[in-house]
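Below is one structure, written out as C-alpha cells; the observations come after it.
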Amino acid sequence: MSEKDEQYYFSFSFFKVDPKWRWMADLAKEESAKEVENILNNSKIMFRTYSNLGLRDDTDFLFWFAAKTVEEIQLVTEKLYKTVFGKYIIPSMTYLSCTRPSIYVQGARKEHGFLTGMEPKKHVVVYPFTKTREWYLLDKEKRQVIMDEHIEVSKKYPQVVLNTTYSFGIHDEDFMLAFEVDDIRDFQDLIMDLRETEVSKYVKNDVPMIVCVKKDIVPLITSLG
C-alpha cells in the first residue's frame with residue numbers, strides 16, 4: 001500500500017442532545033441506540049465514540065470518524081441524521097483534518113493510535129492547534145531544532161498516544177491533535193512540560209481542549225438522559 005493510499009481524513013464531530021430526548025421511554029432509547037450502532041458498524045469507515053457528559057457545557061458526545069474521502073464522512077453523517085436519535089441531536093463543534101507525513105521526521109512520533117488499530121485508551125483529549133505567522137517565517141533548520149526539544153519532552157510520556165493531523169486549507173486550524181491517555185493527569189503533566197519549551201511562544205491558539213471519555217455506542221446514547 002502506498003503512502004498516498006494510507007492517508008485519511010479525520011472528522012471530530014461533537015453534538016448536543018435535545019432535552020426532549022430525555023422524555024423518551026428507555027426501551028425506545030435503546031432501540032434507537034442500536035439503530036445508530038448498526039449504521040456506524042456498516043458504514044465502512046473507522047470510528048470511535050466518546051462521552052463529554054458533565055465535562056463541558058457545549059457538547060455531550062463525540063463521534064470521531066476516519067475515512068479515505070470527505071464524502072464518506074458526509075454519507076455516514078447523513079444516515080445518522082435520518083435515525084430516530086438523529087432527530088434529537090444538534091452539532092456543536094466539527095473539526096476536519098487529514099493525515100500527512102511530518103516534515104520533522106527525525107525522532108518524530110508516528111503513532112496514530114486510531115489508525116493502527118491500537119486498543120483505545122480511557123480518554124482522548126481533542127486539541128485544535130494554530131501556530132503564529134512568525135513560526136512559518138523561521139528557516140527550516142531553526143524550526144527543526146525547536147521541534148527536537150518538543151519531541152524529546154514528548155518522549156518522556158510514552159503512555160500518552162498522539163494522533164496528529166493537519167487542517168491547513170480545509171478548516172480554521174493548522175493542526176488537530178488527539179491525545180489518547182488512560183490517566184488525565186499524565187496528559188496534564190505533558191502539557192505543563194511542553195509549555196516550558198521554546199515552541200510554546202509560537203502558539204497562536206490551542207483552545208478548546210476537549211476531554212472525552214471512551215464509551216461504546218449503545219451505552220453512550222442510553223447514558224444521555
Fill in the blank from the handout: Output for Cβ contacts, cut-off 6 Å, separation at least six or different chains, first residue assigned by TED's automatic domain parsing to the domain that holds K79 in region 29-44, second among the small types (G, A, S), reads none
Practice task
Starting from region 117-133, keep only residues that are assigned to a strand (DSSP E or B), then list their pairs with residues that are among the small types (G, A, S) and surrounded by 13 or more Cβ atoms within 10 Å (Cβ to Cβ) whose Cβ atoms are within a distance under 8 Å, requiring at least 6 positions of separation or different chains.
Solution key: V124/A178; V125/A178; V126/A178; Y127/A178; P128/S167
Exercise for the section: Name the one entry in K44, K34 that is of a type in the set (D, E, K, R) and modelled with pLDDT under 95. Expected result: K44
Problem - Count of residues meeting criterion [assigned to a helix (DSSP H, G or I) and within 16 Å of T83 (Cβ to Cβ)] in region 1-26 - result: 2
Fill in the blank from the handout: Going through region 164-192 in order, the residues found to be crowded, with 18+ Cβ neighbours inside 10 Å, part of a helix (DSSP H, G or I) and of a type in the set (A, V, I, L, M) are L190
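The values are calculated or read from the model by the stated rules, or taken from the named source; none is laboratory data. The shown structure was predicted, so the numbers you read here are calculated from the model rather than taken from an experiment. FYI the Cβ positions are ideal-geometry reconstructions off the backbone, even for glycines, and counts take in every protein chain you see.
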